[in-house]
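Colleague: Below you will find the structure I want to go over with you.
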Amino acid sequence: MGDLLVMISVFVLTFAFGYAVISRVPPLLHTPLMSMTNAISAVIILGGLLLFSSETTGVEKLLGFAALVAAAFNLFGGFMITDRMLKLFKKGNAPFDLRR
Amino acid sequence: METGLTLGTDFLIILLLLLGFFQFRNPTGARRGNFTAAFAFLCAFGLVIGRHGSVEPGLVLGAILLGGALGWAVAARIQMIQIPAMVAFQHGAGGIAACLIAFLELTRGIGGTGTTLGEVSGLLGLIIGTATFSGSMIAGGKLAGLMKQQPVVLRFHSQLLAGCSLAVLLVGGIAGQAEPHALVACLLILIGVSVLLGLLFSIRIGGADMPVLISFLNATAGLAAAFCGIALQNRLLIACGATVAASGSILTHVMCAAMNRGLTKVFMGSVSKQRTGPREVLNIKEKPILSDTGDGGDGFEYALSAARIAEKIVIIPGYGMALAQAQFQVVRLARRLEELGKSVKFAIHPVAGRMPGHMNVLLAEAEVDYEKLVEMEEINPEFPGTDLVLVVGACDVVNPAAIAQEGTPISGMPILMAHEAKVVVVCNMDEKPGYSGVNNPLYEMARTITLFGDAKESLNRLLAAL
């Protein structure tokens, strides 16, 4: 039961701290923020790792593989697209090609 | 196994993750923040492998390489206008992964511990993950233009939704009590009704309400991961899921506030169409001073002379601009006006776009200095002193009816106070009302010049003449 108590408090505390920190993110960055948290929600990939830390049946292998693929898609895609977006935010007038 | 050391390392990784969010408070640090979060992830990954090992390293590596390469390839090619659709589909990927993991863990008896809380969490993770998956697929389909953007309202939609929720609870309860041999069948039925729940929930939401839906799905994807984390007794999973849920909740709240619509109103799809003109209420029946335009009556010459004499200019971009891909023309015009010694700013409404902050990314892509992208609260006091407002493809977010008239779908929604500027030039496709269906009295103001037609063309004409 002690374990469960720890887990509930981990949830409540990180939610509260996360809420406090994320409230300070300016609206300017809300799209990259969502795209990064989207990547973080792929943390379920750890569940996939845990699944394969013990012996698995054929069906479990198949479904676990699918879960890992989906989570990895979310994970890599999420961090990558966030980085691409954040690279766009520049200060000052960058050299701009008027013929474009 | 449970020692102070493992607790400590988990704690450090969680702190690292929160640091990543902390670095997100300004654009210069945000990129580092993204790397920090990714690094925290890598550590978590290594930690789980290190602690628990893997009996199928080849399978795991292959799956991650395959999924990662796919994700990487899509992310490298996607255009900024498609970001909302991409994010929605990724929410879906996270959802289906959570659903599969929860399903497998439930059939295996929750890692051998089989506690009640673990089982309930697993069931919740399964339900939320599945509904997030189907809901996100609908949202992504709508955002990618693969299906109709408009809300689809079935007969007895609310009753269907309520019935579906009830069915989910019922089947979930039965699955919780089920004998091992009946469990798989119960879980499969549960997945079925959860898929239906997500579908029914999402199809009723469309158009300008998409930012709320996508933020909400962001939160539920995190929540699903957190519940799976409780079922698996993994603190890192719980922590990451909880921060995502927090972020999604914040964004959902911000989007609802920006439209002055309660969450239930958005989800119940109550967009009552209302088409009476609110001109009388606004009392803007000024004598038209710009009616006789002398160049075919499209007001272009007036717009041009207004742009020539204006000192302080504010540009209001809307989703119509993004759809017309006119942001590059807008930015070129802004640059030209700046060269002529004028002050140019962009006023960004929180819901200008299809996800929170989307407009900022589109303009950043068009190489606008992010310091010129000004938020609504900050720019609104400046409108009375503004010589010229250029509205490009925006309607509801500058509709004074929202603040002057009661009983419209947008009443009470905070707007950009464009009508307070000295001259307003509107470059929109047509005179049709925006998504809300409320006529925009801004167009009828004497100080407003409307350039209907393709915004790109109007802007290019202005640019050529300046």
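Colleague: Excluding residues on the same chain fewer than 8 positions from B:Lys265, give the aspartates and glutamates whose Cα lies under 12 Å from its Cα.
Modeller: Partners found: B:Asp209.
Colleague: In whole Å, how far is the Cα centre of region B:107-163 from that of region B:396-426?
Modeller: Comparing the Cα centres of region B:107-163 and region B:396-426, I get a distance of 36 Å.
Colleague: Once each part is reduced to its C-alpha centroid, what is the distance from region B:211-243 to region B:1-80 in angstrom?
Modeller: One Cα centre to the other: 15 Å.
Colleague: Would you calculate, for chain B, the mean residue ellipticity at 222 nm contributed by helices, counting each DSSP H stretch of 4 or more residues as -39,500 (n - 2.57) and dividing by all residues, to the nearest 500? Spell out each step's value before the answer.
Modeller: On the way: 18 runs with 276 residues, N = 466.
After summing the helix terms and dividing by residue count, I get -19500 deg cm²/dmol.
Colleague: Rounded to the nearest 20 Debye, what is the dipole magnitude of region B:78-267 about its Cα centre when Lys and Arg each give +1 and Asp and Glu each give -1 at the C-beta? Mind dumping the intermediate values first?
Modeller: Values: 8 positive and 4 negative charges, 102 e Å.
Here the size comes out at about 480 debye.
Colleague: Could you tell me which residue out of B:Ala226, B:Gln82, B:Leu388 lies farthest along the dipole of chain B toward its positive end? Charges go on the beta carbon: Lys and Arg +1, Asp and Glu -1, centred on the Cα centre.
Modeller: Value: B:Ala226.
Colleague: Quick one: putting +1 on the C-beta of Lys and Arg, -1 on the C-beta of Asp and Glu, what dipole do you get for the protein assembly as shown around its Cα centre, in Debye to the nearest 20?
Modeller: Details: 40 positive and 38 negative charges, 103 e Å.
Roughly 500 debye for the protein assembly as shown.
Colleague: Find the relative contact order for region A:38-89 and round it to a whole percent, using C-alpha pairs within less than 8 Å whose residues are 6+ positions apart.
Modeller: Values: 28 pairs, mean separation 29.0, N = 52.
Averaging sequence separation for qualifying contacts and normalising by length gives 56 percent for region A:38-89.
Colleague: Now a separate question. By the gyration tensor of its Cα atoms, with a ≥ b ≥ c the square roots of the eigenvalues, what is the shape of chain B: rounded for a/c under 1.5, prolate for a/b over b/c, or oblate?
Modeller: Values: a/c = 2.81, a/b = 1.87, b/c = 1.50.
Taking the square roots of the gyration eigenvalues as a ≥ b ≥ c, chain B is prolate.
Colleague: Still on this structure: Roughly how tilted is helix B:116-143, in degrees to the nearest 10 and between 0 and 90, from the longest Cα axis of chain B?
Modeller: Tilt of helix B:116-143: around 30 degrees.
Colleague: For a quick check: with amide H placed at 1.01 Å from N, whose amide H comes under 5 Å from B:Thr450's, ignoring anything fewer than 5 positions away on the same chain?
Modeller: B:Val426
Colleague: Is the shape of chain A rounded, prolate or oblate, going by the alpha carbon gyration tensor and its root eigenvalues a ≥ b ≥ c, with a/c under 1.5 for rounded and a/b larger than b/c for prolate?
Modeller: Numbers: a/c = 5.33, a/b = 1.58, b/c = 3.38.
It is oblate, given that a/c is not under 1.5 and a/b is not larger than b/c.
Colleague: From the square roots a ≥ b ≥ c of the eigenvalues of the alpha-carbon gyration tensor of region B:279-465, which class results: rounded (a/c under 1.5), prolate (a/b over b/c), or oblate?
Modeller: Because its axes are fairly even, with a/c under 1.5, region B:279-465 counts as rounded.
Colleague: For a 20 Å ceiling on Cα separation, which of these pairs sit above it: B:Lys432/B:Lys456; B:Lys342/B:Lys456; A:Lys91/B:Lys422; B:Lys342/B:Lys422?
Modeller: Details: B:Lys432/B:Lys456 18 Å; B:Lys342/B:Lys456 22 Å; A:Lys91/B:Lys422 29 Å; B:Lys342/B:Lys422 15 Å.
Beyond 20 Å: B:Lys342/B:Lys456; A:Lys91/B:Lys422.
Colleague: Something else now. Tell me the relative contact order for chain B as a rounded percent, counting alpha carbon contacts under 8 Å between residues six or more apart.
Modeller: Working: 765 pairs, mean separation 62.5, N = 466.
Averaging sequence separation for qualifying contacts and normalising by length gives 13 percent for chain B.
Colleague: State the dimensionless ratio Rg/Rh of the protein assembly as shown (Rg: radius of gyration of Cα atoms; Rh: Kirkwood radius).
Modeller: Numbers: Rg = 25.4 Å, Rh = 24.8 Å.
Reported Rg/Rh, Kirkwood definition of Rh: 1.03.
Colleague: So if I place +1 on the C-beta of Lys and Arg and -1 on the C-beta of Asp and Glu, and nothing else carries charge, what would the dipole magnitude of chain B be about its Cα centre? I want it in debye, nearest 20. Mind showing how you got there, number by number?
Modeller: Details: 32 positive and 33 negative charges, 84 e Å.
Approximately 400 debye in magnitude.
Colleague: Further question: Find the centroid of the Cα atoms in region A:1-80 and in region B:338-393, then give the distance between the two in whole Å.
Modeller: The distance from the Cα centre of region A:1-80 to that of region B:338-393 comes to 34 Å.
Colleague: Taking amide H atoms as placed 1.01 Å from N in the peptide plane, list the residues 5 or more away in sequence, or in a different chain, whose amide H sits under 5 Å from that of B:Ile315.
Modeller: Those qualifying (amide H under 5 Å, at least 5 residues apart or on another chain) are B:Lys345, B:Phe346, B:Ala347, B:Leu390.
Colleague: Okay, next question. Could you give the angle, 0 to 90 degrees to the nearest 10, between helix B:455-465's Cα long axis and the longest principal axis of the Cα atoms of chain B?
Modeller: Value to nearest ten degrees: 40.
Colleague: Residue by residue, what Karplus-based ³J(HN,Hα) values in Hz, rounded to whole numbers, does region A:58-72 have, using 6.51, -1.76 and 1.60 with θ = phi - 60° and x for Gly and Pro?
Modeller: Result, rounded to whole Hz: x, 4, 4, 4, 5, 5, x, 4, 4, 4, 5, 4, 4, 5, 5.
Rule-based calculations on the coordinates, nothing more; no lab input. Remember, predicted model here, so these are calculated numbers, not experimental data. All Cβ positions, glycine included, derive from the backbone under ideal geometry; neighbour counts span all protein chains shown.
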